[in-house]
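A short write-up of the structure that comes next.
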Amino acid sequence: MNFNLLHEIVLVIMVALLAVAVGVIIERFIYFGYIERNRKLLADLVSKSDKAGLQAAAKSSSSPFGQLLAGVISMQGGDKDALDNNVQALYLTQQAGIKRLLWLIDTTITLSPLLGLLGTILGIIDTFNALASQGVSDPQAVSRGIGTALFATAAGIGIAAFCLVFHNYFMERVERVNEQLKVLALRQAAAGATEIARNEQPKLKSLEQAAA
């Protein structure tokens, strides 16, 4: 069995994992930047009570904030308990998009050190096989072989450390986005309830006058 070939295959797999992780990191940076800009726009419309502009912006948005607000707006005016349950369901529905592809970074963090260790073991086995067949005629070659084998472990740990930094950052962003989703949904629900109460006041006054 060619252990040196297996060692090189492991290194190639580690490089592929790193490339995938870097691609996910770039995609997530773009995604979170987009939804943050969309959140600021929608939050501004909610604070201004611009109902028409908010409905148009929410329906045309593909971000979690737009989809959540579009659902809240469409359900306003109904039963409060039903509204709460539907808002919670909408909130949970957005979680898949917010956390999308982060499992790949998590997998890279877990798998890279293991692959690095496997590559080191395969490299050392190849070095000892060479020693057994050729003897210790060149100590420097043996040292180079062991050094090459240990490179896999170092690379695996380095890849895991690199990905861990971004994974922790993105998980913090996920928590922040979730809190912002709750706040925006509550603000819109409160604004809708206030508007409904305002619209009901003339009706109540007319009923009171009729009763008097």
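The table below lists the values:
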quantity	calculated
Among the candidates Lys48, Lys80, residue that is out of contact with any Asp or Glu (no Cβ under 9 Å at 6 or more places or on another chain) and closer than 27 Å to Arg176 by Cβ	Lys48
Leading residue by the ranking (nearest to Val12 (Cα to Cα)) among those in the range 126-152 that are surrounded by fewer than 19 Cβ atoms within 10 Å (Cβ to Cβ) and modelled with pLDDT of 85 or more	Phe151
Test: residue in the range 25-42 that is touching a Cys at 6+ places or on another chain (Cβ under 9 Å) and at pLDDT 90 or above	yes
Total residues in the range 65-124, condition of a type in the set (S, T, N, Q), in a loop (DSSP other than H, G, I, E, B) and out of contact with any Pro (no Cβ under 9 Å at 6 or more places or on another chain)	1
Residue, modelled with the highest pLDDT, within the range 47-69, restricted to residues that are closer than 13 Å to Arg187 by Cα and crowded, with 20+ Cβ neighbours inside 10 Å	Phe65
Yes/no for Arg28 being basic (Lys, Arg), touching a helix residue (DSSP H, G or I) at 6+ places or on another chain (Cβ under 6 Å), part of a helix (DSSP H, G or I) and under 25 Å from Glu172 (Cβ atoms)	yes
Residues of the range 71-120 classified as aliphatic (A, V, I, L, M) and at pLDDT 90 or above, total	11
Filter result for Leu17 (over 17 Å from Gln180 (Cβ atoms), within 26 Å of the chain's Cα centre (by Cα), crowded, with 18+ Cβ neighbours inside 10 Å and modelled with pLDDT of 90 or more)	yes
Residue in the range 2-20 that is under 30 Å from Gly147 (Cβ atoms) and part of a loop (DSSP other than H, G, I, E, B) present	yes
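The values are calculated or read from the model by the stated rules, or taken from the named source; none is laboratory data. Remember, it's a predicted structure, so these values are computed and weren't measured experimentally. Neighbour counts are summed over all protein chains in view; Cβ atoms, including those assigned to glycine, are modelled from backbone coordinates with ideal geometry.
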